[in-house]
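Where a number appears in this text, it was derived from the coordinates with a stated rule and is not lab data. Quantities reported herein were computed from a predicted structural model and do not represent experimental measurements. Reconstructed Cβ throughout: ideal geometry from the backbone, glycine too, with neighbour counts over all protein chains shown.
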Amino acid sequence: APTDASVLLEGETGTGKDVLARSVHDRSSRREEPFVVVDCGAVSYNLIESELFGHERGAFTGAFAARQGAFELAGRGTLFLDEIGELPLDVQPKLLRVLESGDYRRVGSNRPQQNAARIIAATKRNLREEVARGKFREDLYFRLSVVPITVPPLRQRREDIPALVEHFLEVARQKGGGGGRPVTVSRETLAALSAHD
């Protein structure tokens, strides 16, 4: 968290990569700056470049006004690129350029802008395998994975379940859950939760 290094979070869907990315941001010197999320798997192929870099008015059909992209919106904060493994191959060199040179251009603009954001990326894919299959650029992979973190599924870290249950109970208590009665979980219930995949 205290560094400016790019972080790559790899793990199955549901392992909490987005929560971990937010936690890294919240514990960094950038915590007062924006935390901007781009879900690379949810943005349509035609709009991903505009989503990341922004666009100028008239840059393409439907671009009726200029628009800031995620890099610009993040400013000196953190840009979280969720599902980076879904980023189209032809957009990957443009992202690599930003990471290498620090500058980018809005779609339809000749004016370069400087990137000051820290990058955290996450994927459910094994990017090393994607590189070997030619589906992900090796140089981009190395730029993103300065600090690689594999987030194991909960079934591989069952010892965390009691702490998570206690955390969720505390959240329920703070929100007034339980109708004034103390909210607890029996040992049997905790054992059943810990036994579940």
>> Normalised radius of gyration for the chain, please: alpha carbon Rg relative to 2.2 N^0.38 Å, two decimal places.
In response: 1.23
>> Along the Cα→Cβ direction, 7 angstrom out, place labels at residue 46 and residue 1. What is the inter-label distance in nm?
In response: 4.2 nm
> Mind checking which lysines have their C-alpha under 30 Å from residue 135, skipping anything on the same chain fewer than 8 residues away?
Replying inline: 17, 94, 124
>> So, R0 is 22 Å and r is the distance between the beta-carbons of residue 142 and residue 114; what FRET efficiency does that work out to, to 0.05?
In response: 0.50
> Along each of its three principal axes, how wide is the spread of alpha-carbon positions in segment 1-72, in whole angstrom units, largest first?
Replying inline: 40, 29, 16
> Taking the Cβ-Cβ separation of residue 175 and residue 125 as r and a Förster radius of 35 Å, what is the calculated FRET efficiency to the nearest 0.05?
Replying inline: 0.45
>> Under 17 Å from a point placed 7 Å out from the Cα of residue 18 along the Cα-to-Cβ direction: which residues of segment 89-132 have their backbone N that close?
In response: 120-125
> For the residue pair residue 26 and residue 65, what label-to-label distance in nm results when each label sits 7 Å from Cα along the Cα-to-beta-carbon direction?
Replying inline: 3.3 nm
>> Once you keep just the Cα pairs under 8 angstrom separated by 6 or more residues, what percentage relative contact order results for segment 32-74?
In response: 40 percent
>> Can you tell me what share of the DSSP beta bridges in segment 40-192 is antiparallel? A percent to the nearest 5 is fine.
In response: 45 percent
> What stretch of the chain, leaving out the sites themselves, is the longest with no GluC sites (Glu not before Pro) in a DSSP loop having at most 16 other Cβ atoms within 10 Å?
Replying inline: 33-197
>> Please return the longest range in the chain lying between exposed loop sites, taking chymotrypsin sites (Phe, Trp or Tyr not before Pro), DSSP loop only, at most 14 other beta-carbon atoms within 10 Å, and leaving the sites out.
In response: 65-197
>> Could you work out the relative contact order of the chain? I mean the mean sequence separation of Cα pairs under 8 Å and 6+ apart, divided by the number of residues, in percent.
In response: 27 percent
>> What are the membrane-span-like helices in the chain by this rule: whole DSSP H runs, Cα extent along the axis at least 18 Å, mean Kyte-Doolittle hydropathy at least 0.0?
In response: 161-174
